[in-house]
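Peer 1: Take a look at this one; I'll ask things after.
The values are calculated or read from the model by the stated rules, or taken from the named source; none is laboratory data. Worth saying up front: this structure is predicted, and the values here are computed from it rather than measured. Here Cβ is always computed from backbone atoms with ideal geometry, including for glycine, and neighbour counts include all displayed protein chains. Calculation scope for accessible area: heavy atoms of the full protein, side chains included, ligands and nucleic acids excluded. Shrake-Rupley method; radii C 1.70, N 1.55, O 1.52, S 1.80 Å.
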Amino acid sequence: NYEAKVLGQIEKSFLATKNYTRAYSVKSYYLITTHRPEEGLRAADAGLAIDANQPNLLSARGLAELFLGDFESGKADVTKAMLVSPRDPYIGVWRQILCWAEIGQRHFDAAIIECNKAIDAGAITFMPYVELAAAKAQKGDKDGASAALAKALSLNPKLSIKYLNALYFDLPPLTEGMRKAGLPEK
């Protein structure tokens, strides 16, 4: 089983070096992306007990908090990761996480700013464009939403509401915005 292999390798790295915080980060992200944010949060917290300023653990903790609906704590942890490591190669991803948090709070102007910063920082996956499309659609900017959706679809042609909800979780303001932007259900 794939999951047993992944988690087994992570556990081996814990045994090999007791203070290897990267393993906690990997475990946390894995658990979050397999829809177990509570476990991902615990893994991030365990790593942060070793190094409270490890940026990947801070961002993992922030992402877990977003999945759990705690947008303010998630933003605080991701913002701290950016303060600890302002030139980090993951800064674009962290900005995209902040965009997601702003959408969750229905702060669409702030979301648009963070999405654009994520894209400018090199987050070139489909997700910042999805979030940008949703935020612009929620603001009533149909042309901007259409352009962002077109870019998201060029990066991921399988994109649909069903795909997003299976990949992440149903964040109503994001889903509503993507429907307004014209993303198909299936």
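Peer 1: Looking at (1) in a loop (DSSP other than H, G, I, E, B); (2) within 16 Å of the chain's Cα centre (by Cα); (3) touching a residue at least 12 places away in the same chain (Cβ under 8 Å); (4) within 19 Å of Leu66 (Cβ to Cβ), can you tell me which one Arg106 breaks?
Peer 2: All conditions are met except number (2).
Peer 1: What pairs come out if I take residues in the stretch 164-181 that are within 12 Å of Val130 (Cα to Cα) and pair them with residues that are open to solvent by less than 50 Å² (accessible area, probe 1.4 Å) and in a loop (DSSP other than H, G, I, E, B) whose C-beta lies under 8 Å away, six or more apart or interchain?
Peer 2: Listed pairs, sorted by first residue: Leu164/Leu183.
Peer 1: Does Ala166 fit the bill of being within 19 Å of Ile97 (Cα to Cα), out of contact with any helix residue (DSSP H, G or I) (no Cβ under 8 Å at 6 or more places or on another chain) and in a helix (DSSP H, G or I)? Walk me through it before giving the result.
Peer 2: On the way: within 19 Å of Ile97 (Cα to Cα): yes; out of contact with any helix residue (DSSP H, G or I) (no Cβ under 8 Å at 6 or more places or on another chain): yes; in a helix (DSSP H, G or I): yes.
Yes, satisfied.
Yes/no matrix, rows are residues, columns are (1) assigned to a helix (DSSP H, G or I); (2) modelled with pLDDT under 95; (3) farther than 14 Å from Met178 by Cβ; (4) under 18 Å from the mean Cα position of the chain (by Cα):
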position	(1), (2), (3), (4)
Lys117	yes, no, yes, yes
Pro128	yes, no, no, yes
Glu131	yes, no, no, yes
Ala137	yes, no, no, no
Ser154	yes, no, yes, no
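Peer 1: Spot the failing condition for Val78; the list is (1) more than 22 Å from Ile113 (Cα to Cα); (2) surrounded by 24 or more Cβ atoms within 10 Å (Cβ to Cβ); (3) among the β-branched types (Val, Ile, Thr), and only one is missed.
Peer 2: Tallying (1) more than 22 Å from Ile113 (Cα to Cα); (2) surrounded by 24 or more Cβ atoms within 10 Å (Cβ to Cβ); (3) among the β-branched types (Val, Ile, Thr), Val78 fails exactly one: (1).
Peer 1: Check whether at least one residue in the stretch 84-100 is part of a helix (DSSP H, G or I), in contact with a Cys (Cβ under 6 Å, 6 or more places away or on another chain) and buried (at least 22 other Cβ atoms within 10 Å of the Cβ), and report yes or no.
Peer 2: Narrowing the stretch 84-100 to residues part of a helix (DSSP H, G or I): 84, 91-100.
If we keep only those that are in contact with a Cys (Cβ under 6 Å, 6 or more places away or on another chain) too, we end up with 99.
Subsequent filtering for residues that are buried (at least 22 other Cβ atoms within 10 Å of the Cβ) retains 99.
Within the stretch 84-100, one or more residues are part of a helix (DSSP H, G or I), in contact with a Cys (Cβ under 6 Å, 6 or more places away or on another chain) and buried (at least 22 other Cβ atoms within 10 Å of the Cβ).
Peer 1: Ok, one more. If you scan the stretch 125-148, which residues turn out to be of a type outside the set (Phe, Trp, Tyr) and either surrounded by fewer than 24 Cβ atoms within 10 Å (Cβ to Cβ) or touching a strand residue (DSSP E or B) at 6+ places or on another chain (Cβ under 8 Å) (or both)?
Peer 2: Step one: of the stretch 125-148, the residues of a type outside the set (Phe, Trp, Tyr) are 125, 127-128, 130-148.
Answer for the stretch 125-148, where residues must be of a type outside the set (Phe, Trp, Tyr) and either surrounded by fewer than 24 Cβ atoms within 10 Å (Cβ to Cβ) or touching a strand residue (DSSP E or B) at 6+ places or on another chain (Cβ under 8 Å) (or both): Thr125, Met127, Gln138, Lys139, Gly140, Asp141, Lys142, Asp143, Gly144, Ser146, Ala147.
Peer 1: In the set Ala60, Ala44, which member is under 12 Å from the mean Cα position of the chain (by Cα), at pLDDT 95 or above and either surrounded by fewer than 14 Cβ atoms within 10 Å (Cβ to Cβ) or part of a helix (DSSP H, G or I) (or both)?
Peer 2: Working: Ala44 fails: under 12 Å from the mean Cα position of the chain (by Cα).
Among Ala60, Ala44, only Ala60 is under 12 Å from the mean Cα position of the chain (by Cα), at pLDDT 95 or above and either surrounded by fewer than 14 Cβ atoms within 10 Å (Cβ to Cβ) or part of a helix (DSSP H, G or I) (or both).
Peer 1: For the stretch 167-186, give me each residue that is open to solvent by 70 Å² or more (accessible area, probe 1.4 Å) and under 15 Å from the mean Cα position of the chain (by Cα).
Peer 2: Hit for the stretch 167-186 is Asp170, nothing else.
Peer 1: Confirm whether Gly122 is under 30 Å from Gln54 (Cα atoms) and surrounded by fewer than 23 Cβ atoms within 10 Å (Cβ to Cβ). Steps first, answer last, please.
Peer 2: Details: under 30 Å from Gln54 (Cα atoms): yes; surrounded by fewer than 23 Cβ atoms within 10 Å (Cβ to Cβ): yes.
So Gly122 passes the test.
Peer 1: Conditions first: (1) under 15 Å from Gln96 (Cβ atoms); (2) surrounded by 16 or more Cβ atoms within 10 Å (Cβ to Cβ). Thr33 passes all but one, so which condition is the exception?
Peer 2: (2)
Peer 1: What about Glu65, is it open to solvent by less than 30 Å² (accessible area, probe 1.4 Å) and modelled with pLDDT of 95 or more? Let's see the steps before the verdict.
Peer 2: Details: open to solvent by less than 30 Å² (accessible area, probe 1.4 Å): yes; modelled with pLDDT of 95 or more: yes.
Yes; evaluated as a whole, the condition is true for this residue.
Peer 1: Then there is this: Sort out which residues of the stretch 154-163 are surrounded by 15 or more Cβ atoms within 10 Å (Cβ to Cβ) and free of Cβ contacts under 8 Å to residues at least 24 places away in the same chain, and write them in order of number.
Peer 2: Of everything in the stretch 154-163, just one residue is surrounded by 15 or more Cβ atoms within 10 Å (Cβ to Cβ) and free of Cβ contacts under 8 Å to residues at least 24 places away in the same chain, namely Tyr163.
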